[in-house]
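Student: The structure under discussion is supplied below as structure tokens; questions concerning it will follow.
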Amino acid sequence: MTANYLMMTLDTIFKCGILIEDTDDCQGYKVAVSKDTPHQIHRDAIRANLNKYTRQAYNMLPKMDAPRILDIGCGSGVPTIELTKLSNGEIIGLDNDKTELDKLARKLKEEGLADRVRVVECSMSGLDFPDASFDIIWAEGSIVAVGFRKGLEEWRRFLKPHGFLVVHDEIQNLEKKLEQVSICGYELLGHFTLSEEIWWNEYYAPLDRQVREQLRQHIDDPDVLSLLEKEQKEIDMFKENPRLFQSVFIIMRKG
Ligand SMILES: C[S@@+](CC[C@H](N)C(=O)[O-])C[C@H]1O[C@@H](n2cnc3c(N)ncnc32)[C@H](O)[C@@H]1O
């Protein structure tokens, strides 16, 4: 397995306290502790450079009025917030990492979007939503946790008839994945690739610049340096084998 951004849970940079509603589905979701870290790598801001591809994929779907969207493995919700802005729909952001969900909840409140998005702390394996609950299921960087085919098979029943599944996944085994689309009962509407150049220019180069800047500022702080070392390792892995970091959006309709 490659160490692509898509397969990594993002490191926690900020932790902020915020209260949001309990949920009916999966586990109730509550408050997080407030704690600032001394260094600031703004992964979310860098991640947002890729929002144009979330928009590109969304625009490959037909126009929908107020779609119900399930964002599986939403993390800190950079795509979730983009989807909320793109659609006039209702969104559920689901993840099993409370720290990331806390960040999402804080951002939703700041942006005045908290009434449009329900944040659910839950594993993506064994979801218990009623059948045909969603117009769109969205999964960026997360299907790898259950496996591409299993995700397609298990999530299909949660889609309404002719509902849409959009997956952003690592590029490995693309041909096999495209074959599995129809085997699992979907129609392929299209796919597009995020090249290694895109990942460098729009993600890893800005991250690299931030890490260098933070190293300069915190050169005497061993705790910060050890955190920055982790970021640096990921950048080094990219530099060693950038082809492995390519990714693909696959846009499907339930057949
Ligand atoms: C690479 S992040 C992607 C986050 C977000 N979708 C994005 O594109 O920025 C993958 C996310 O999947 C979540 N995840 C991994 N395994 C999971 C599981 N079994 N159930 C729910 N979420 C999971 C991680 O916590 C992480 O937030």
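We did not get these values from a lab; they are worked out from the coordinates using the rules stated. Keep in mind it's a predicted model, so treat the numbers as computed, not measured. Backbone-built Cβ (ideal geometry, glycine too); neighbour counts: all protein chains shown.
Student: Among 127-140, 170-183, what's the highest-first ranking by average C-beta atoms within 10 angstrom per residue?
Tutor: Highest mean packing first, the order is 127-140, 170-183.
Student: For the pair His218 and Gln172, what calculated FRET efficiency results from E = 1/(1 + (r/R0)^6), where r is the Cβ-Cβ distance and R0 = 25 Å, to the nearest 0.05?
Tutor: Computed FRET efficiency for Gln172 and His218: 0.10.
Student: Taking amide hydrogens as modeled 1.01 Å from N in the peptide plane, which residues meet the under 5 Å criterion relative to Asp221, leaving out close sequence neighbours?
Tutor: Under 5 Å from the amide H of Asp221 lies no amide H from a residue far enough along the sequence or on another chain.
Student: Further question on the same structure: Search the structure for amide H atoms under 5 Å from the amide H of Ile92, placed 1.01 Å from N in the peptide plane, and list their residues when 5 or more places away or on another chain.
Tutor: Ile69, Leu70, Asp71, Arg118
Student: Let me know the charge dipole size of region 104-160 about its Cα centre in debye, to the nearest 20, where only the beta-carbon of Lys, Arg (+1) and Asp, Glu (-1) is charged.
Tutor: Dipole of region 104-160, to the nearest 20 debye: 60 debye.
Student: Let me ask something else. Suppose every K and R has +1 on its Cβ and every D and E has -1 on its Cβ; what is the size of the dipole of region 32-126 about the Cα centre, in Debye to the nearest 20?
Tutor: Computed about the Cα centre, the dipole is about 220 debye.
Student: Here is a further query. With just the Cα atoms defining each centre, how far is region 97-120 from region 188-255? Give it in Å.
Tutor: So the separation of the two Cα centres works out to 24 Å.
Student: Going Cα to Cα from Lys160, which lysines come in below 20 Å? Please leave out same-chain ones fewer than 8 positions away.
Tutor: Here the lysines satisfying the reach criterion relative to Lys160 are Lys63, Lys150, Lys254.
Student: Where both residues lie in region 98-255, what percent of DSSP beta bridges are antiparallel, nearest 5?
Tutor: Given both bridge residues lie in region 98-255, the antiparallel proportion sits at roughly 70 percent.
Student: Another one. Gly163's amide H: which non-local residues (gap 5+, or another chain) put their own amide H closer than 5 Å, with H modeled 1.01 Å from N in plane and none for Pro or chain starts?
Tutor: Hits under the 5 Å cutoff: Lys254.
Student: Please list 3J(HN,Hα) in residue order for region 229-234, calculated via the Karplus relation 6.51 cos²θ - 1.76 cosθ + 1.60 where θ = phi - 60°; whole Hz, with x for glycine and proline.
Tutor: 4, 5, 4, 5, 4, 5
Student: Ordered by packing density, taken as the mean number of other Cβ atoms within 10 Å over each peptide's residues, highest first, how do 212-224, 56-68 rank?
Tutor: The most tightly packed comes first, giving 56-68, 212-224.
Student: Classify region 48-181: rounded, prolate or oblate, from the alpha-carbon gyration tensor (a ≥ b ≥ c, eigenvalue square roots; a/c under 1.5 rounded; otherwise prolate if a/b is larger than b/c)?
Tutor: The shape class here is rounded.
Student: What residue among Leu178, Tyr204, Leu194 has its Cα farthest toward the positive end of the dipole of region 133-239, where the charges are +1 on Lys, Arg and -1 on Asp, Glu, each on the Cβ?
Tutor: Toward the positive end, the furthest listed residue is Leu178.
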